[in-house]
Structures are given as C-alpha cells and as structure tokens.
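This report concerns only the one structure given below.
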Amino acid sequence: MATTSPERFAALTDAAIALIAELGMRGLTHRAVDARAGLPAGTASAYLRTRKALVEAVVQRIADLDTADLAAREVPTGASDAAPDLDALAASIAALLDDWLTTGRTRTLARYACLLEATHHPELRPILAYGVAMRAQAQALLTAAGAPDAEQRGSHLVAAVDGLLFDRLAGAGSLAAPPPGTPRNRADLTAAVRGLLRAAVV
C-alpha cells in the first residue's frame, strides 16, 4: 500500500463519505471513490488496497472530523471552580447536533452506516471506539457537576444524545421536529438535551 499524504487521505475518504451517505455501504467501491474524488482509476486501491482498509479509513476520517468539531467548541463550565452550567452546556450540545443535521449531515449518515456495517463484520468492531472520547468527556462533566455514578451516567447520556440525533436524522423525529438549521430546532434540541443533563445529575 502506498504512503497516504494527509491531503490525499482527506480527498479519498471525503469522497467515500459522500458515497456512503448517498448510496449506502453498497455504493462504496474503490472505482466509485476514484470517480467521486476526480482521481485516476486505481488511486484508491493503491492507497487503500482492500474494502476493509477503505472502510477503516472512512471511520478514521469521521472520527477525526468529529473530534475537531468537539475541540472547536468550548464547553461552558461557568467559573473555574464551579460545576458546569447545564443550560449553557445544553445549548452548546444542541448547536453541535444541529450542525450534524445540516452542514454535517453527510458525515452523520455515513457514521451510522459504518456502525451498522460493524454489526455484520466483527473485524470492524474497533470502529466503535470513536465514541470513547465522547463518553470520557461526558463522564468528566458529570463528575464536575457532582452526579452520582458519573461513569455510568456519562455513558447513558452519550447514548441518549446519540439516539436523539439518530431520531432527528432517520427516525420519526424527522417528521415532527422543527426543520434542522432553524432557531426553533436548536431551541427544541436544547430543551431535550437540558432534560437529559438534569436527569443525569440528580
């Protein structure tokens, strides 16, 4: 396998993410990635020889982009010696979810498709590790907020927020919720996340 430059890795994996979001995992082929990225035939297979390697690269790219999104947002915690401001935190999380439903929708669709792929291919189970950082962050926040059993509740909180995102993206919530990208949707998401946070710290 050829050494992949950061630019070439991004071009190939971003093309693959777009294909997965549009066509599902069945649409992910080396030839299709080359065409979507505007690269010569054989480029993707030269860098990512097998389909497994291609899927793993996609997952890595999604995880990197998600991590960058989280790092770009300052988590509101109030004073340095105070517990997190749950209202401000709820609004921040809601804004991130709204982004993932609009400008990040393609990536969100691809993320869920990859996770489902892992249920049929045990060798891809390590991709589930993408959620470890989010759980660690949630556990740290709940610890600072004085929540009992913050480790367990942090994991439950991330699962609940992930379910909220999936419901708005592909579930019945997509039919009833305000349109993504609107102030109404961010307000509605904020109310939902605030309820989850308050339940987690009781």
message: If the elastic network links every pair of Cα atoms under 10 Å, which of 190, 103, 13 fluctuates the most in the Gaussian network model of the chain?
response: 103
In degrees, nearest ten, helix 132-144 long axis to first principal axis of the chain (Cα): 10
- prompt: Using a Förster distance of 30 Å, how high is the FRET efficiency between residue 50 and residue 136, based on the Cβ-Cβ distance and rounded to 0.05?
  reply: 0.45
field: Cα centroid of the range 91-112 to Cα centroid of the range 26-60, whole Å
entry: 24
query: All other residues with a Cβ under 14 Å from the Cβ of residue 106 taken together, and with Lys, Arg as +1 and Asp, Glu as -1, what is their net charge?
result: 0
task: Return the single residue from 120, 156, 30 with maximal mean-square fluctuation; model: Gaussian network over the chain, springs between Cα atoms under 10 Å.
output: 120
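When ligands, DNA and RNA are left out and all protein chains stay put, how many square angstrom of accessible area per residue does the range 1-158 have with a 1.4 Å probe?
51
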message: Quick check: residue separation of residue 159 and residue 187 times 0.36 nm, minus the Cα distance between them. What number comes out in nm?
response: 8.0 nm
task: Report which label in (i) 55, 33, 30; (ii) 84, 34, 30; (iii) 55, 39, 33 holds the value of Cα extents along the principal axes in Å derived from the coordinates of this structure.
output: (i)
- request: Sum -39500 (n - 2.57) across every DSSP H segment of at least 4 residues in the chain, then divide by the residue count to get the 222 nm mean residue ellipticity, nearest 500.
  value: -22500 deg cm²/dmol
query: For a label point 7 angstrom out from the Cα of residue 69 toward its Cβ, which stretches of the range 80-114 have the backbone nitrogen within less than 12 Å?
result: 93-112
- prompt: Angle, helix 51-72 long axis vs. longest principal axis of the chain, Cα atoms, 0 to 90°, nearest 10?
  reply: 30
field: Computed over the chain: relative contact order in percent, which uses C-alpha pairs under 8 Å that are six or more apart
entry: 22
query: If Lys and Arg each add +1 and Asp and Glu each add -1, what is the summed charge of the other residues whose beta carbon sits under 11 Å from the beta carbon of residue 44?
result: +4
query: What's the local net charge at residue 191, with K and R +1, D and E -1, over the other residues with C-beta under 12 Å away?
result: +2
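Could you look at the chain and say what percent of its accessible area is carbon and sulfur, using a 1.4 Å probe and all protein chains?
57
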query: Quick one: if you stick a label point 7 Å off each Cα along the C-beta vector at residue 106 and residue 176, how many nm between them?
result: 3.2
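The values are calculated or read from the model by the stated rules, or taken from the named source; none is laboratory data. Only a predicted model underlies this, so the values are computations on that prediction, with no experimental measurement involved. Cβ atoms come from the backbone with ideal geometry, glycine included; neighbour counts cover every protein chain shown. Just the protein is used for accessible areas: all its heavy atoms, side chains included, with ligands, DNA and RNA removed. Shrake-Rupley method; radii C 1.70, N 1.55, O 1.52, S 1.80 Å.
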